[in-house]
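So the structure is just underneath, and the comments pick up after that.
The values are calculated or read from the model by the stated rules, or taken from the named source; none is laboratory data. Quick caveat, the model's predicted, so the values are computed rather than measured. We place every Cβ from the backbone using ideal geometry, glycine too, and count neighbours over all the protein chains shown.
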């Protein structure tokens, strides 16, 4: 076991997967609220528009009880645990190949993060589709595997990879922008920070990077949700884009921005903080 864990890529995968487990379990309610907000405000149905975050939270607890906030946590685990592991493993492998002699500069960090997320996003997209549908409350799938079989049987590969372009346009820029801001701010701050404050400074850098990346990629997330929820209606990205614009205008693209920003920011900050601490701990032990 120690010999296997001594492999840097495997160590990065394991640490990334464990950090993804912690952050996914803790912040799943924010993801569910984000999806529900997008489906209510992103529609022209008069009875659904205008639902606020707090009123939606109360409604979910009232109708589905507290555990309803964690609906979709199973596909979230199946997506995030290996997905975050693949992401960190890809970053480590790409850095080892292209940046052996120096730390990536700002633009290099952006490309590094975008490439790693594209690899992870493509691998885990079918589970992402299931997760979005679970969270919506509109589908009664019995299990994640069962849902994948139903989608493949009724919608084919197009259904399993629904919203691929929008997902990559959301995830690749998010991770690229996040990694760029995270690495650059961390390098700037830690020059004059006491080592005992390193954990806190890493987390603060993660928060700052997450807010910036979330706001930039929010419109793509809205388009992705609509395409994955109604694949027969929105077969192309531009169809979902113009439908959202006709229904709610420019503000429609920022439906669910608050819970998504909170979740992605806190989740990414926690994932990177836990990942770096675990990598350092394992490096000392092995």
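Points worth noting:
To keep it simple, each residue is scored yes or no on (1) more than 22 Å from the chain's Cα centre (by Cα); (2) modelled with pLDDT of 90 or more.
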position: 58; (1), (2): yes, yes
position: 73; (1), (2): no, no
position: 95; (1), (2): no, no
position: 106; (1), (2): no, no
position: 111; (1), (2): no, yes
position: 143; (1), (2): no, no
position: 152; (1), (2): yes, yes
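- Pairs where the first residue, in the stretch 210-226, is more than 16 Å from residue 35 (Cβ to Cβ) and the second is outside any helix (DSSP H, G or I), C-beta under 9 Å, 6+ apart: none
- As a summary of the residue check, residue 99 satisfies the conditions (1) on the phi < 0 side of the Ramachandran plot; (2) under 22 Å from the mean Cα position of the chain (by Cα); (3) in contact (Cβ under 8 Å) with a residue 12 or more places away in the chain except for the one numbered (2).
- Looking across the stretch 153-184, the residues that are assigned to a helix (DSSP H, G or I), without any contact (Cβ under 8 Å) to a residue 40 or more places away in the chain and under 30 Å from residue 272 (Cα atoms) come down to 160, 181.
To keep it simple, each residue is scored yes or no on (1) within 24 Å of residue 160 (Cα to Cα); (2) in contact (Cβ under 8 Å) with a residue 40 or more places away in the chain; (3) not in a helix (DSSP H, G or I).
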{"site": "231", "(1), (2), (3)": "yes, yes, yes"}
{"site": "261", "(1), (2), (3)": "no, yes, no"}
{"site": "277", "(1), (2), (3)": "no, yes, no"}
{"site": "281", "(1), (2), (3)": "no, no, no"}
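- For first residues located in the stretch 5-25 and in contact (Cβ under 8 Å) with a residue 60 or more places away in the chain, partners that are surrounded by fewer than 15 Cβ atoms within 10 Å (Cβ to Cβ) and outside any helix (DSSP H, G or I) and lie 6+ apart or on another chain with Cβ distances below 8 Å form the pairs 5/286; 6/286; 11/286.
- Residues satisfying the stated conditions in the stretch 225-239, i.e. more than 19 Å from residue 156 (Cβ to Cβ) and surrounded by 15 or more Cβ atoms within 10 Å (Cβ to Cβ): 225, 226
- Meets criteria (crowded, with 18+ Cβ neighbours inside 10 Å, part of a helix (DSSP H, G or I) and at pLDDT 90 or above) for residue 209: no
- When residues of the stretch 126-144 are limited to those that are surrounded by 14 or more Cβ atoms within 10 Å (Cβ to Cβ) and out of contact with any helix residue (DSSP H, G or I) (no Cβ under 6 Å at 6 or more places or on another chain), the one farthest from residue 60 (Cα to Cα): 133
- Taking (1) under 21 Å from the mean Cα position of the chain (by Cα); (2) modelled with pLDDT of 85 or more; (3) more than 20 Å from residue 224 (Cα to Cα) in turn, residue 22 satisfies each apart from (2).
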